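Where a number appears in this text, it was derived from the coordinates with a stated rule and is not lab data. All values derive from a computational prediction rather than experimental measurement. Here the Cβ positions follow ideal geometry from the backbone for every residue, glycine too, while neighbour counts run over all protein chains shown.
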Amino acid sequence: MADRMLYGFLDELSSGAPTPGGGGASAVCGAVAAALGSMVGNLTSGKKKYAEYQEEIETVIAKCGILVKEFEALAEKDEKVFEPLAKAYSIPKDQEGRDKILEGVLREASTAPYEVVEKAYETALILDRLAVIGSRLAVSDVGVAAAACETAAKGAAMNVYINTKSMKDRAYAQELNQKTIDLVDRTAGICSKVYDEVKSILISG
C-alpha cells in the first residue's frame with residue numbers, strides 16, 4: 001500500500017476497476033493531512049522561537065506519524081471489504097440467508113470509512129493546535145492539511161451512507177448515519193476554522 005500510495009494509486013483510482021474508490025481516496029486525503037501535520041511539526045521542532053512548545057511538538061510529530069499509518073491501513077481495509085460485498089450482492093435474491101449475509105457485509109463495509117472519519121477528527125484537533133504553535137514559516141501547510149482533512153471526513157462519510165442506504169436494519173443504519181453526520185460536522189467545523197485562521201494570517205501579513 002505504501003508503494004502504491006506513491007506510484008500506482010492514482011493510476012488504479014482512475015481505471016475502470018471498482019477498487020480503489022472514494023473510500024480509499026478519502027483515506028489518502030487523511031494521510032496527506034496527517035503527513036503535512038508531521039512536516040509542520042518537524043519544521044518547528046528545535047527552533048528557539050518555539051522552545052516552549054517543544055515537548056508538545058514532539059508529541060504531535062509522533063501522533064501524526066501514527067495517523068499516517070492508520071490512514072494507509074484503512075485505505076487497504078476499504079478495498080478488502082469490497083470483494084465480499086460484491087459477492088453478497090450477486091447472491092440470487094430468492095436464496096435463503098441472502099439478506100443476513102448482505103446485512104453483515106454492509107456493516108463491515110461501513111466500518112473502514114467510519115474509522116476514516118474518526119481519524120480525520122483526531123487529525124483536525126492536532127491541526128487546530130498546530131495553527132497556534134507551529135512555525136509561521138509553515139503555516140500555509142497547516143491550511144492545506146486542514147483542507148485535506150475536511151475532504152477526508154466528508155468523502156469517507158459518503159461511503160458510510162452508500163452502505164447504510166442498503167441496510168435492512170434501518171434503526172442501525174440511522175444511528176450510524178447520525179454518528180457520522182455529527183462527527184463530520186465537528187471535524188469540518190474545526191478544519192474550516194483552521195483554514196480561515198491560516199488564510200487570515202497569510203493575507204493580513
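Here are a few things to note about the model shown:
- A simple spin-label model places the labels of Ser15 and Ile91 2.9 nm from each other, with each point 7 Å out along Cα-to-Cβ.
- A DSSP coil position with no more than 15 other Cβ atoms inside 10 Å describes the following trypsin sites (Lys or Arg not before Pro) in the range 131-205: Lys165, Lys168.
- Rounded to 10°, Cα long-axis angle of helix 54-80 versus longest principal axis of the chain: 20 degrees
- Within the same chain, aspartates and glutamates fewer than 8 places from Lys154 are excluded, and of the rest, those with a Cα less than 15 Å from its Cα are Glu115, Glu118, Glu122, Asp182, Asp185.
- For Ser135, distant residues with modelled amide H under 5 Å away: Thr44
- Helical content of the chain, expressed as a calculated mean residue ellipticity at 222 nm, amounts to -28000 deg cm²/dmol (DSSP H runs of 4 or more residues, -39,500 (n - 2.57) each, divided by residue number, nearest 500).
- Angle in degrees between helix 22-44 and the longest Cα principal axis of the chain, rounded to the nearest 10: 20 degrees
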